[in-house]
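Everything below concerns the one structure shown next.
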Amino acid sequence: MSVWDEVVGQESAVAMLRASVTRAEAMTHAWLVTGPPGSGRSVAARAFAAALQCEQGGCGACHACTTTLAGTHPDVTLLATDKVVITIDEVRDLVGTAARTPTLGRWRVIIVEDADRMAERTTNLLLKSIEEPPPHTVWVLCAPSVQDVLPTIRSRCRAVVLRVPPADAVADLLVRRDGVDPAVALTAARAAQSHVGMARRLARDEGARERRSAVLGIARRIRGVGDAVLAAGELVDVAKQEAAAATEERDAAEKAELLRALGVVDGEPLPPKLRSQVKQLEEGQKRRATRRQRDVLDRAMLDLLSLYRDVLVVQLGADVDPVNTEHAGTVRDLARDSTPEQTIRRMDAIAVARQRLDGNVAPLLACEAMTIALRPQG
Ligand SMILES: [Zn+2]
């Protein structure tokens, strides 16, 4: 057992991080972990932090390891954000924390997920601390790619590049860690295109599998413009439901916590002077729900894209593994009933819809244009 067990398919990155834990000359005070969504950036960052705190270099079992992985080690600070930008106040707090000597651990470790979501002014504040860190402080910044971080920051960090892990490595993790049946694990890992979190959800949550199947079913169901408009409405509804399911519980917990902090007794009316605080929280939660809904919709579009990618693979007779093994029938039918040119045009329509969604076009409009373009062409 080791803290690196869950960092799947990243042998070279893990080797580099491990070496820096055991050999002082390989250690540095600022790291930049990059990799595509689902490659496990924050998992790798946490494992590294645990390995630094552990007396055996990351045994996975001792108090230092387990508390670091659980997010409760006093000398490991993690900044994760649901917001579009990390605020300057948040970074100021981190810089203050970074200056303190560790209380129990050997290092003070500061992990910043989404380090790409920082304005330049905020980055400059961070830069000072990274340039001249106290001797026991380690910064671990995470971002999708090196290009997403300002050159001033990346030139001062050592880069750790994660790749998309192979599907069988992800499946192996699901079997090992979550006790998933090997066949289900491999299907889920392929369908999630090696996004570890997504694969786990598909493997363990039947509702998630059904929603994904419903999305892919759209490809076969659309015959004319009427079906297309209905299908678009359905897609948007499913995204709304899924976003609500994911955020409701957390929203309620946050609100309860705020009310407690404000000293409001459960069930009593809210004093007028505290209303703006609660309103602010609710507005933030609404923004988060909207963003989540767009993310879910984008994921649905990526799923559809992977289906047409499989169709194209069949049409071209390419020797490549399919993503959607459990939808082979749909793929075969679509491949038979269309030409490769039509498949590419459909894939383009999905790409355009994703761009529109990203550019703040109303989700329903973006979806309708897409589903209309997916209908069979004579
Ligand atoms: Zn340990």
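Miscellaneous remarks
- For the range 66-172, the alpha carbon convex hull comes to 131 Å³ per residue, rounded to a whole number.
- Both numbers refer to the Cα atoms of the range 198-319; Rg and Dmax are 20.4, 68 Å.
- Take every Cα pair under 8 Å whose residues are at least 6 apart in sequence, average their separation, divide by the length of the chain, and the relative contact order is 16 percent.
- Projecting label points 7 angstrom from Cα along Cα→Cβ for residue 275 and residue 319 puts them 7.1 nm apart.
- Under a 5 Å amide H cut-off, with hydrogens placed 1.01 Å from N, residue 108 pairs with 137, 138 among residues at least 5 apart or on other chains.
- Simple spin-label estimate for residue 22 and residue 66 in nanometres, 7 Å along Cα-Cβ: 2.5
- In this structure the amide hydrogen of residue 78, modeled in the peptide plane, comes within under 5 Å of the amide hydrogens of 111, none closer than 5 places in sequence on its chain.
- Per-residue 3J(HN,Hα) values for the range 214-228, derived from phi via the Karplus relation 6.51 cos²θ - 1.76 cosθ + 1.60 with θ = phi - 60°, read 4, 4, 5, x, 4, 4, 8, 7, 6, 10, x, 4, x, 4, 4 Hz in sequence order (x marks Gly and Pro).
- Dipole orientation for the chain: of the candidates 105, 135, 57, 135 has the Cα lying most toward the positive pole (charges on Cβ; Lys, Arg +1; Asp, Glu -1).
- Couplings 3J(HN,Hα) for the range 263-275, derived from phi with the Karplus relation 6.51 cos²θ - 1.76 cosθ + 1.60 (θ = phi - 60°), are x, 8, 6, 3, x, 7, x, 7, x, x, 6, 9, 4 Hz, where x marks Gly and Pro.
- Spherically averaged projected area of the chain from its Cα convex hull (nm²): 22.2
- Evaluated with a Cβ-only charge set (Lys, Arg +1; Asp, Glu -1), the range 26-179 carries a dipole of roughly 260 debye about its Cα centre, given to the nearest 20.
- The range 3-132, accessible surface, carbon-and-sulfur percent (1.4 angstrom probe): 52
- Surface per residue (accessible, 1.4 Å probe) for the chain, Å²: 51
- Under-5 Å amide H pairs with residue 31, H placed in peptide plane, nonlocal only: 139, 140, 141, 158
- Heavy-atom accessible surface of the range 295-371: percent carbon and sulfur, 1.4 Å: 53
- Estimated at 0.36 nm per residue, the fully extended path between residue 88 and residue 230 surpasses their Cα-Cα distance by 46.7 nm.
- Label point 7 Å beyond Cα of residue 282 along Cβ direction - residues of the range 213-256 with amide nitrogen under 18 Å: 244, 247-256
- With the convex hull drawn over the C-alpha atoms of the range 266-367, the volume per residue is 156 Å³.
- Value in Å of the Kirkwood radius, where the range 259-325 supplies the Cα pairs that are averaged: 16.1
- In this simple spin-label model, placing a label point 7 Å from the Cα along the Cα-to-Cβ direction at both residue 250 and residue 345 gives a separation of 4.1 nm.
- Computed from Cα atoms alone, the Kirkwood hydrodynamic radius reported for the range 107-149 is 11.0 Å.
- Taking the Cα centre of the chain as origin and assigning +1 to Lys and Arg Cβ atoms and -1 to Asp and Glu Cβ atoms, the resulting dipole is close to 540 debye.
- Each of 166, 262, 252 was placed along the dipole of the chain (beta-carbon charges, centred on the mean Cα), and the one lying farthest toward the positive end is 262.
- Cα principal axis extents for the range 110-185, largest first, Å: 50, 27, 17
- Fully extending the segment from residue 59 to residue 258, taken as 0.36 nm per residue of separation minus the present Cα-Cα distance, adds 67.9 nm.
The values are calculated or read from the model by the stated rules, or taken from the named source; none is laboratory data. Predicted, not measured: the structure shown is a model, and the values here were computed from it. When we count neighbours, we look across all protein chains shown, and the Cβ atoms used for this are built from the backbone with ideal geometry, even at glycine. When the accessible area is computed, the model is the full protein with side chains, heavy atoms only, and any ligands, DNA or RNA have been set aside. Shrake-Rupley method; radii C 1.70, N 1.55, O 1.52, S 1.80 Å.
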